[in-house]
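A quick write-up on the structure given underneath.
The values are calculated or read from the model by the stated rules, or taken from the named source; none is laboratory data. Owing to the predicted nature of the structure, the values given are computational and were not obtained by experimental measurement. In this analysis, Cβ positions are derived from the backbone assuming ideal geometry, glycine residues included, and neighbour counts consider all displayed protein chains.
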Amino acid sequence: MKKTIYVFVRNDLSYSQKVVQTSHAVLEATRTFIRDNNRYKIVVVAAKSEVKLKSIMEEAASYDIKTVAFTEPDMQYQITAIATEPLSDEKRQVFSRYKLLSE
């Protein structure tokens, strides 16, 4: 069964920045967590702010879910997006209350 990588991106960014920051986070997750040739699903979720991203990272850690953060140099190295390690269906339930990113 395919595992899923969750990407949380700040909703206070412009649409184009959300796309770019999501891509950065996926690349970071790939470099950090992927050691095989399997295919993965990606779910992109909106987070209100950098503070919320930090809160999500803490929540993930409390469930033993690893995350990686992308910090944007052009924004004083603020966290703009985070990504999880690939998650099984069981661990995905941790994030089931979050809403998908939309325009």
Practice item. Write out, first by first residue and then by second, each pair whose Cβ atoms fall under 6 Å of each other, whose residues are 6+ apart or on separate chains, and whose first residue, in region 79-103, is of a type in the set (Asp, Glu) while the second is surrounded by fewer than 19 Cβ atoms within 10 Å (Cβ to Cβ). Key: Glu85/Phe33; Glu85/Lys66
Point to revise | Where Ala61 falls short, out of the listed (1) without any contact (Cβ under 8 Å) to a residue 12 or more places away in the chain; (2) touching a His at 6+ places or on another chain (Cβ under 9 Å) | key: (2)
Point to revise | Members of region 92-101 that are crowded, with 18+ Cβ neighbours inside 10 Å and modelled with pLDDT under 95 | key: Leu101
Study note, to complete from the structure: Result of the Cβ filter at 9 Å on region 34-52, keeping first residues that are more than 19 Å from Asp89 (Cα to Cα) and hydroxyl-bearing (Ser, Thr, Tyr) and partners that are modelled with pLDDT of 95 or more and surrounded by 11 or more Cβ atoms within 10 Å (Cβ to Cβ), at least 6 apart or interchain, is Ser49/Arg10; Ser49/Asn11; Ser49/Asp12
